[in-house]
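Provided herewith is a single structure, encoded as structure tokens, for subsequent inquiry.
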Amino acid sequence: MSGSVSVILRAVGSWQSSQPDNCKMQTDSIKIEQLATLFDDTPQATSPEEMLLSAAASCYLITLRTLLKNRNIAVSSIEVHSEARVINDGGLRFDSIVHRPTMVLEHLEDEIRLRRLAAHAEHACMVSCALRGNVTVSVEPTILVRAANH
């Protein structure tokens with residue numbers, strides 16, 4: 001018997017001709033009141049490109065946290081700064097994403113092992129797997145050790 005699990009996710013988008021510059025999107029947990037293209041001059045609007053970067057960054061963060069936790073590595077905090085390069089070569093497309101995690105540890109750990117786990121998190125992340133072959137995704141980790149309070 002297979003241990004696979006299936007989950008159905010849904011999104012609903014809307015646009016009305018009476019509000020031509022206003023597209024909306026909603027999922028069970030997210031409500032976006034104003035969508036715009038990346039190059040629209042629409043303050044407070046969210047672009048699909050920003051949502052894709054946010055999905056990749058949040059997936060990477062959750063995956064990295066889980067890998068570290070499952071290996072009993074004492075981490076005080078993780079902060080991820082992610083950056084996407086979008087190019088227009090006859091159509092907009094993601095060229096690359098760089099995740100720059102900063103991991104603050106309680107104790108000095110094997111830095112090589114932590115760097116390997118940071119890279120592995122990108123390979124294990126579902127969003128990165130979906131992007132693989134179309135978008136170059138890389139990781140540039142920083143590892144810090146919290147100073148002991150004396």
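Among the strands (runs of 3 or more DSSP E) confined wholly to region 89-150, which include 2 or more residues that are surrounded by 18 or more Cβ atoms within 10 Å (Cβ to Cβ) and among the aliphatic types (A, V, I, L, M)?
Per the criteria, 92-105, 136-139.
Say whether the condition of being β-branched (Val, Ile, Thr), at pLDDT 90 or above and out of contact with any strand residue (DSSP E or B) (no Cβ under 9 Å at 6 or more places or on another chain) is met by at least one residue in region 30-51.
Among the residues of region 30-51, not one is β-branched (Val, Ile, Thr), at pLDDT 90 or above and out of contact with any strand residue (DSSP E or B) (no Cβ under 9 Å at 6 or more places or on another chain), which makes the answer no.
Now, a different point. Closer than 21 Å to residue 131 by Cα and either not hydrophobic (A, V, I, L, M, F, W, C) or not in a loop (DSSP other than H, G, I, E, B) (or both), is that true of residue 65? Before you say what the answer is, go through the steps one by one.
On the way: closer than 21 Å to residue 131 by Cα: yes; either not hydrophobic (A, V, I, L, M, F, W, C) or not in a loop (DSSP other than H, G, I, E, B) (or both): yes.
Spelling it out, residue 65 is indeed closer than 21 Å to residue 131 by Cα and either not hydrophobic (A, V, I, L, M, F, W, C) or not in a loop (DSSP other than H, G, I, E, B) (or both).
So, one more: Going through region 1-22 one residue at a time, which ones are under 26 Å from residue 126 (Cβ atoms) and either over 21 Å from the mean Cα position of the chain (by Cα) or charged (D, E, K, R) (or both)?
Those that are under 26 Å from residue 126 (Cβ atoms) and either over 21 Å from the mean Cα position of the chain (by Cα) or charged (D, E, K, R) (or both): 1, 2, 3, 4, 5, 6, 10, 12, 13.
Listed here are the residues, each with its yes/no results for (1) under 20 Å from residue 125 (Cα atoms); (2) in contact (Cβ under 8 Å) with a residue 40 or more places away in the chain.
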{"site": "38", "(1), (2)": "no, yes"}
{"site": "42", "(1), (2)": "no, no"}
{"site": "60", "(1), (2)": "yes, yes"}
{"site": "63", "(1), (2)": "yes, yes"}
{"site": "73", "(1), (2)": "yes, yes"}
{"site": "91", "(1), (2)": "no, no"}
{"site": "98", "(1), (2)": "yes, yes"}
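Here's something else I'd like to know. Kindly indicate whether residue 96 is modelled with pLDDT under 90 and in contact with a Ser or Thr (Cβ under 7 Å, 6 or more places away or on another chain).
Considered against the rule, which asks whether it is modelled with pLDDT under 90 and in contact with a Ser or Thr (Cβ under 7 Å, 6 or more places away or on another chain), residue 96 comes out as no.
Go through region 1-56 and count every residue that is under 24 Å from residue 92 (Cβ atoms) and not in a loop (DSSP other than H, G, I, E, B).
Within region 1-56, residues that are under 24 Å from residue 92 (Cβ atoms) and not in a loop (DSSP other than H, G, I, E, B) number 26.
Also, I was wondering about something else. Can you tell me which residues in region 39-71 are in contact with a Pro (Cβ under 8 Å, 6 or more places away or on another chain) and over 18 Å from residue 138 (Cα atoms)?
Our first condition is that a residue be in contact with a Pro (Cβ under 8 Å, 6 or more places away or on another chain); within region 39-71, this holds for 60-61, 64.
Matches in region 39-71: none.
Oh, and also: For the structure I just gave you, tell me whether residue 64 is at pLDDT 85 or above, in contact with a Phe, Trp or Tyr (Cβ under 9 Å, 6 or more places away or on another chain) and buried (at least 16 other Cβ atoms within 10 Å of the Cβ).
no
The values are calculated or read from the model by the stated rules, or taken from the named source; none is laboratory data. Values in this document were obtained by computation on a predicted structure and should not be read as measured data. Backbone-built Cβ (ideal geometry, glycine too); neighbour counts: all protein chains shown.
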